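Chemist: The structure is given below, and queries will be raised subsequently.
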Amino acid sequence: MAVGYGFTAGDRSCPFAALHLRRCPSSTAPSTQLAAEGGGRLLLPTGAHLAAALGDDYRAIGVTSSHGRTAIVGEPTRERPEGTWYDAPLPPPTGSSIEAAFATGSLWTLANLRAARPHIDDAESFQQSRMADYFLDMPVFAAFDAIAHVSHTTGTDYVIQP
C-alpha cells in the first residue's frame, strides 16, 4: 500500500504535498490556472498518477486544521530571494470546507472518506480544503481517501512574527 501525506503549510506559488498527492486537480491550483489561461494541457497532481498506477492500493491522506496559526511565505526580496516565512492566523473554516465538518473538541481526528462515501449524502457539499492561510477549491471526497484533522495548530520559531 502506498500512502501520500498532504500538509497544509505552503504558499500560493509553490504548493506542498496536499496539492500534489491528491487524486484530482483543483480549479484554483496554480497549475490549473496556468493551463486554463494559456490554453495548455491540464497538469495532473502526482496523486492522480499514483492512483492510476497503484489503483486501490493508493491512499491519499490530507492533513488539515480548523484553528490556530500557520506559516506563509512572503514575496522574494534581494536579501531573501527565496522569500521570508511569516506566522499567520488560520481563517475560520468556510461552510463548504472539509474543516467545517470536524468537531474541535478532539485533539485530532482521522476521517476515512473512502469508507464514508457510500453512506453519506452530502459529500458533494465539501468543495474546499485549507491550504495555509486560504482555502483551495477541490472536491474533497474525490481528492482524498482520508483526512487527518488537527483541531488547533501553532507556528514555529523559525518564522517572522507579525
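Laboratory data are not the source of any read-out in this text; all were calculated from the coordinates shown. Quick caveat: nothing in here was measured; it's all calculated off a predicted structure. Cβ: placed from backbone, ideal geometry, glycine included. Neighbour counts: every protein chain shown.
Chemist: So for His149, His67, fewest C-beta neighbours within 10 Å to most, what's the order?
Modeler: By the 10 Å Cβ count, ascending: His67, His149.
Chemist: Taking K and R as +1 and D and E as -1, what net charge do the other residues with C-beta under 12 Å from the C-beta of Gly47 add up to?
Modeler: Surrounding charge for Gly47 is +2.
Chemist: Amide H neighbours of Phe102 under 5 Å, counting only residues 5+ apart in sequence or on other chains, H built in-plane at 1.01 Å?
Modeler: Counting only residues 5 or more places away or on other chains, the set is empty.
Chemist: Enumerate by residue number the trypsin sites (Lys or Arg not before Pro) in the stretch 54-88 meeting two conditions: DSSP loop (anything except H, G, I, E, B), and at most 16 other Cβ atoms within 10 Å of the site's Cβ.
Modeler: The qualifying sites are Arg78.
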